[in-house]
Amino acid sequence: MTQRVYLDYAATSPLAPAAAEAFLEASALRGNPSSLHSEGRRARLSLESSRERIAAAAGAQTSELVFTGSGTEADNLAVKGLFWARAAQDPRRRRILLTGIEHHAVLDTVEWLERHEGAVVDVAAVGPDGVADLDSVRALLAAHPGDYALATLMWANNETGALQPVTEFTALCAEHGVPVHSDAVQAFGTVPTDFPSSGLATMAVSGHKLGAPVGIGALFVRRDVTVEAHTHGGGQERGIRSGTLNVAAAAAFAAALKTPEERDEARRLRSLQARLIRRVRESIPEAVLNGPDPLERPDARLPGSVNLSFPGAEGDSILFLLDMAGFQTSTGSACTAGVPRPSHVILAMTGDEVRSRGTQRFSLGRDTTAEDVDHLADVLPGIIERARAAGISAGESRIETASTRARRERADEGRDSS
Ligand SMILES: Cc1ncc(COP(=O)(O)O)c(C=O)c1O
């Protein structure tokens with residue numbers, strides 16, 4: 001049987017043993033954490049201890065953490081909630097500032113506000129290394145003083161792993177009284193994400209990227225910030241997010257967070273990351289690294305992230321060939337049904353459609369070994385050659401017909417952009 005090598009930790013991390021154990025233990029608690037009887041109080045105790053541990057990982061106060069069902073929900077809550085609250089205080093503030101590399105959880109929420117709530121959207125530039133261009137941010141803020149309801153900048157990009165200048169960004173926005181949201185789903189628990197010193201109003205995180213089960217996320221909300229609720233009911237979580245709380249998933253989320261010793265894991269991942277990049281550069285010299293080069297700037301990107309473009313090969317051909325060879329990876333671009341589509345992130349960085357279509361993301365994690373990396377580096381040249389040949393022979397059928405368009409649109413509805 002082919003050896004299976006999981007290299008898609010950025011999409012979701014396999015369940016961590018400590019998280020599974022904590023989940024099972026907390027699942028045995030019977031009470032609703034809002035109930036007043038002893039069972040309820042025991043569930044509340046478990047929930048609050050999880051809250052403490054997760055909040056501490058961001059240097060935040062427990063009262064600043066609002067549990068949600070996912071990172072996507074946390075992003076929606078922040079972006080819509082800040083927009084509504086700010087526009088209600090000052091109807092002139094209807095603009096939203098963001099970059100084109102945001103995750104769809106933010107991008108599509110902003111687009112929704114544009115279509116349904118009269119938001120005006122300004123997209124700041126990003127550099128060729130995938131890092132937000134602060135001059136462009138400065139220019140936009142100066143061009144529309146007093147008009148922004150909020151600005152948003154992710155902490156680390158999910159495709160390139162590029163870390164963003166969040167603190168500098170919030171400082172610029174603060175000069176104009178603009179609250180800032182950050183999607184820290186990829187960064188939290190992997191690199192330091194100190195909420196108080198970041199200057200952020202809100203910050204979204206998610207459990208399953210770290211080894212907790214899917215279905216638990218959180219939004220950090222600074223105490224002095226108003227976020228308009230979009231889920232109403234029992235008034236849980238400061239009234240910002242009503243709904244019975246998921247005690248077992250919260251316990252698993254807390255247990256999945258790394259202890260200081262385990263954080264040394266970042267050093268191990270950085271060395272595997274460097275090994276993979278070096279080996280690919282030797283055997284496929286035309287491969288292009290997307291995002292900051294960790295061999296030159298090790299602190300500029302997430303430790304387990306490698307994203308490469310292979311000119312002449314389609315990302316999804318590479319993905320399927322790798323899958324057949326036993327490796328699970330991601331293209332980073334929207335999921336398609338026979339029609340390759342460029343990655344919006346690489347496009348925003350480079351404007352280069354060919355490079356945006358030939359990308360492959362390898363995200364390394366807890367169980368990745370040096371042998372896995374070497375094994376990948378050994379098979380990759382042959383796979384790229386076959387993907388290029390497949391791209392050339394399929395070239396004619398790349399024209400989008402009515403039926404392929406319909407399939408693509410169906411696929412787009414269930415778009416995968418983790
Ligand atoms: C940067 C980023 N933001 C948001 C999300 C959405 O998080 P979740 O899967 O918890 O909804 C993801 C993952 O898909 C992500 O990588």
Review point. Val120 versus Leu15, label points 7 Å from Cα toward the beta carbon: distance in nm?
Key: 5.0 nm
Practice item. Just subtract the alpha-carbon distance of Glu52 and Asp299 from 0.36 nm times their residue separation and send over the number in nm, one decimal. Key: 86.1 nm
Exercise for review: Whole number please: convex hull volume per residue, Cα atoms of the range 1-119, in Å³.
Suggested key: 201 Å³
Revision key, fill the gap. For Glu237, Glu25, ascending order of other Cβ atoms within 10 Å (fewest first) is Glu25, Glu237
Review point. How long are the three semi-axes of the equivalent ellipsoid for the range 17-256, computed from the Cα gyration tensor as the root of 5 times each eigenvalue, in whole Å, largest first?
Key: 32, 19, 14
Exercise for review: Quick one: which residues, 5+ away or cross-chain, put their amide H under 5 Å from the amide H of Ala119? H built at 1.01 Å from N.
Suggested key: Glu114
**Study point:** Derived scalar couplings ³J(HN,Hα) [the range 143-153; Karplus, 6.51 cos²θ - 1.76 cosθ + 1.60; whole Hz; x for Gly, Pro]
**Key:** 6, 10, x, x, 9, 8, 7, 6, 10, 9, 8
Exercise for review: Choose one of Gln236, Val166, Leu140: the residue whose Cα lies farthest towards the positive end of the charge dipole of the range 17-256 (beta-carbon charges +1 Lys, Arg; -1 Asp, Glu; about the Cα centre).
Suggested key: Gln236
Revision key, fill the gap. In deg cm²/dmol, rounded to the nearest 500, the helical mean residue ellipticity at 222 nm of the chain, built from -39500 (n - 2.57) for every DSSP H run of length 4 or more, is -13000 deg cm²/dmol
**Study point:** Local electrostatic count, Ala370, Cβ distance below 10 Å [Lys/Arg +1, Asp/Glu -1]
**Key:** -1
Review point. Separation between the Ser197 and Asp352 pseudo-spin-labels, each 7 Å from Cα along Cα→Cβ, expressed in nm?
Key: 3.6 nm
Exercise for review: Evaluate the charge dipole of the range 17-256 about its Cα centre and quote only its size in Debye, nearest 20, assuming +1 on the Cβ of each Lys and Arg and -1 on the Cβ of each Asp and Glu.
Suggested key: 820 debye
Study note, to complete from the structure: Among beta bridges assigned by DSSP with both residues in the chain, the antiparallel ones amount in percent, to the nearest 5, to 55 percent
Exercise for review: Name the residue farthest towards the positive end of the dipole of the chain from the options Val120, Ala87, Ala390, assuming +1 on Cβ of Lys and Arg, -1 on Cβ of Asp and Glu, about the Cα centre.
Suggested key: Ala87
Practice item. Tell me the trypsin sites (Lys or Arg not before Pro) within the range 203-263 that lie in a loop according to DSSP and have at most 10 other beta-carbon atoms within 10 Å. Key: Arg223
Revision key, fill the gap. When Trp112, Trp155, Trp84 are ranked with the fewest other C-beta atoms within 10 Å first, the list becomes Trp112, Trp84, Trp155
Exercise for review: Would you kindly work out the equivalent ellipsoid of the chain from its C-alpha gyration tensor and give its semi-axes, the square roots of five times the eigenvalues, largest first in whole Å?
Suggested key: 35, 27, 20
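Every number in this text was worked out from the coordinates using simple rules, so none of it is lab data. Values in this document were obtained by computation on a predicted structure and should not be read as measured data. In this analysis, Cβ positions are derived from the backbone assuming ideal geometry, glycine residues included, and neighbour counts consider all displayed protein chains.
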